[in-house]
Each structure stands twice: as structure tokens, then as C-alpha cells.
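For reference, the structure is listed below as C-alpha cells.
The values are calculated or read from the model by the stated rules, or taken from the named source; none is laboratory data. Given the structure is predicted, the values throughout are model-derived calculations rather than measurements. Here the Cβ positions follow ideal geometry from the backbone for every residue, glycine too, while neighbour counts run over all protein chains shown. When the accessible area is computed, the model is the full protein with side chains, heavy atoms only, and any ligands, DNA or RNA have been set aside. Shrake-Rupley method; radii C 1.70, N 1.55, O 1.52, S 1.80 Å.
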Amino acid sequence: MEVKVDPSVVKTRYWHLLDDGRVQCDLCPRYCKLHEGQHGLCFVRANEGSELVLTSYGRSSGFCIDPIEKKPLNHFLPGTPVFSFGTAGCNLACKFCQNWDISKSRETRTLADEAMPDKIARVAAEEGCRSIAYTYNDPVIFHEYAIDVAKECRKYDLKSVVVTAGYVCEEPRREFYAYMDAANVDLKAFTEKFYWKITGSHLKNILETLIYLKHETDVWFETTTLLIPGENDSPQEIDEMTKWVVKELGPDVPMHFTAFYPSWKMMDKPPTPADTLVLAREIAIDNGVRYAYTGNVHDKTGQSTYCHQCGETLIGRDWYILSEWNLDAHGKCKKCGTQCAGVFEEKPGHWGSQRKSINMMSHA
Ligand code: SF4
Ligand SMILES: [Zn+2]
């Protein structure tokens, strides 16, 4: 009898068998303990045959080319197009999830687009992208798939960009970031209460990931905080968070404060007022953060990059359009010569604000 092998189900290595016969997943600090046939909270990892498998390898919720600023990354190859994709599921349970149609999907085996790593990298290169982003849902849960795509990317001189909540265990984190070039890490709040009550995860683990990235890797990273009225937007909390960032990560890590819109299980909160974002940015700058941004609102002042030495506008931004460029070929301020932190090329990209959907089926 012919046994049909499902290529989207692959073996994994971060798990162990428990004495009671269950399998414990050791990929993220949730440590799901699974009976035969059971799926973890992320849904894409499961106990099949007393082994922990990933069930969404080579399956995506869709492919799209975005400006890199949309991830958001403002100091990593500005103005360039990034080939973006995600899968299904998530290892957090954020009540305010802005991508819940993907992250809560249980349809892992009927995901719209099928693509193996070599094809993703090749199509991204053919489309003129400079990088690939693992995004929409957290790539931590499709660890093996993301790493294989990142390996293929290197063959095409494409960079790998992670958009993540940073909720991952130490050993897989080390393996994962060995293949990644840049990251945007959510710093969703600065209280354990918020993290546990609203996201079902722990602040401590996220801070560990940030410290790891800063001190043990060359990965360029920025942080994003979605400010939710009455939940994580108090000036005191922003003050504590930004002081911690400067002390532990240094002044050069860009911080994005972005607007919340009612979503998923949090329809009872109003959208974030623009003033809240402006205030958060000011607090960050007062505490020594050199590059602080507002996001999800139209705010040229709050989205442009300034020289921390002389105040010159280094990169002007109007939404995702770069309106000014005053960096020299080495990423230094043209006016005073001070280095701007980040990864820059001689010239910025010209992708603009386009969002282009990609149909993988139309590529051979
Ligand atoms: S990666 Fe998924 S299965 Fe593993 S511990 Fe985290 S939520 Fe559970
Ligand atoms: Zn300057």
C-alpha cells in the first residue's frame, strides 16, 4: 500500500518525551504538553506518533511585497521592497491581535499558497526585493520553515527580516537568529500584568530576547509598542520602558509607538489618540532614545529620522514615502558627519508605499 507523505508535516527537534507519555514542546516558554494527536496553543505544532512535528512547512497565508518601513524598520535598507509572508497560528494569545484572521487560523493544511524555501527566495529575487520578512504571524512557531527560507535567501544575497513578539526559548532562539539579519520585536508593554492578562505570555522572556539580540548577535533590531488606551499607555509606563531600553540596549535601538485600532477581542477600546503617540515619543527622546517614531498615523515629524548630534533631518518620511535623504554613502549625517545607527547603502530604495500581492502559482 502506498503511504502518502504530507510535505507540510516535518520533524522538529525542540521537544522531549515526558514520563506520562506526553510530548513537551521546548520551542517557546509556553512548554505545551501534548497527548497523541493534540496541537499546541500555536496550533501548527502537534504530537504525531509521539514526536513533535511542524504541520505548516511550505504553506503560507499569502505573499506580498511591502516597503520595509511597514514592518516597521526605519534603519534597515530604507526605501527597499521586502517580500513578506506568514503561515497560520501564533504562540501568543493577544486580545488586540491586528492579524487575527491569520494568527487564529486553524486551516494549516488548506493554506492558500504553497511554496518551498527555494521558490520563495527565487521569486523574491526575481521581483527585485532586497529582503524577505517572516511576518503576519510569529515566525517562532514555524522555526524550521523560516530557517530553511533564510538559508536559501543567502544564495540570492537576500536579507532575512523577522517580525516577532520575541517569546522563544534560549536554544532555538540562538539557532534562529544565526540566520536572521534584522528584526522588529514587539515590546507590547512594560508590566507583567499586561503581558499575562492580555497576551498570555511573560515580559521577562521578551526582555531576555532583546538583551540577547543586543549583546550576542549582529542582528539589527527595532522595537514596536502598540499603545492601547488605558492598558499600556500611561506616561509612567512609557518612562520606565524607555529608561530600561536606554540602560540595557543603548540609545541606538529605534522605538516605534504605534496606534491601536479596535480589533479581535478588544472592540471596547477606542483608537489611540495621536497625542498619546506624540507624548510617548517625547518621553522616549527625553530619556535618551535617539530614534523614536510614531506609527499607524500620519505624522511626518514623528516618522522622520533626525541626527542625534545636530538635529538635521536625515531621512524624511511621509507615510512610507522617503521625502528627504541626508545621509552620505556611509550612513553619516551630511551636515555634521555623525554616524546614524542602522544598515544603510549608498542610496535609498525607491519602492515607495506600494503593496503588491504575489501569486506564487503564476511563477514557475
Ligand atoms: S511553539 Fe507552539 S506548541 Fe510549542 S510551546 Fe509554543 S505554543 Fe506550545
Ligand atoms: Zn548631524
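Look at the stretch 322-349 and say how many of its residues are over 19 Å from E222 (Cα atoms), within 16 Å of ligand 2 (Cβ to nearest atom) and of a type in the set (S, T, N, Q).
Going through the stretch 322-349 one residue at a time, the tally reaches 2.
Restricted to the stretch 318-364, and to residues that are within 25 Å of the chain's Cα centre (by Cα) and among the aromatic types (F, W, Y), which residue is most open to solvent (accessible area, probe 1.4 Å)?
W319
Filter the stretch 7-59 for residues that are in a strand (DSSP E or B), among the aliphatic types (A, V, I, L, M) and within 11 Å of ligand 1 (Cβ to nearest atom); which is surrounded by the most Cβ atoms within 10 Å (Cβ to Cβ)?
Pass one, the stretch 7-59, residues in a strand (DSSP E or B): 10-11, 15-17, 23-25, 33-34, 39, 45-47, 52-54, 59.
Remaining after also requiring among the aliphatic types (A, V, I, L, M): 10, 17, 23, 34, 46, 52-54.
Filter again for within 11 Å of ligand 1 (Cβ to nearest atom), leaving 23, 34, 46, 52-54.
Working: V23: 25, L34: 20, A46: 22, L52: 23, V53: 20, L54: 22.
Among those residues, the one meeting the criterion is V23.
Would you point out which residue out of A93, A88 is open to solvent by 10 Å² or more (accessible area, probe 1.4 Å), of a type in the set (G, A, S), at pLDDT below 90 and in a loop (DSSP other than H, G, I, E, B)?
Just one listed residue meets the conditions, A93.
Yes or no: the stretch 254-262 includes at least one residue that is of a type outside the set (A, V, I, L, M, F, W, C), more than 30 Å from L77 (Cβ to Cβ) and open to solvent by 10 Å² or more (accessible area, probe 1.4 Å).
The answer is yes; a qualifying residue exists.
If you check Y195, Y156, which single one turns out to be touching a helix residue (DSSP H, G or I) at 6+ places or on another chain (Cβ under 6 Å), surrounded by fewer than 21 Cβ atoms within 10 Å (Cβ to Cβ) and among the aromatic types (F, W, Y)?
Y156
Between D275, D268, which is over 19 Å from W220 (Cα atoms), open to solvent by 30 Å² or more (accessible area, probe 1.4 Å) and assigned to a loop (DSSP other than H, G, I, E, B)?
D268
So in the stretch 45-82, with the set limited to residues that are more than 26 Å from T223 (Cα to Cα) and among the β-branched types (V, I, T), which one is nearest to ligand 2 (Cβ to nearest atom)? Explain how you work it out, then say what you get.
Taking the stretch 45-82 and keeping what is more than 26 Å from T223 (Cα to Cα), we get 45-59.
Still in the list and also among the β-branched types (V, I, T): 53, 55.
On the way: V53: 53, T55: 51 Å.
This residue is T55.
From the list V140, V168, V161, which residue is within 16 Å of ligand 1 (Cβ to nearest atom), touching a residue at least 40 places away in the same chain (Cβ under 8 Å) and within 11 Å of the chain's Cα centre (by Cα)?
Just a single option satisfies the conditions, and that option is V140.
Out of all the residues in the stretch 296-312, which are open to solvent by 10 Å² or more (accessible area, probe 1.4 Å), of a type outside the set (A, V, I, L, M, F, W, C) and away from ligand 2 (no atom under 14 Å from the Cβ)?
Once the filter is applied, which keeps residues that are open to solvent by 10 Å² or more (accessible area, probe 1.4 Å), of a type outside the set (A, V, I, L, M, F, W, C) and away from ligand 2 (no atom under 14 Å from the Cβ), the stretch 296-312 yields N296, H298, D299, K300, T301, Q303.
One residue is enough: does the stretch 217-232 have a residue meeting the conditions of a type in the set (A, V, I, L, M, F, W, C), at pLDDT below 95 and out of contact with any helix residue (DSSP H, G or I) (no Cβ under 9 Å at 6 or more places or on another chain)?
no
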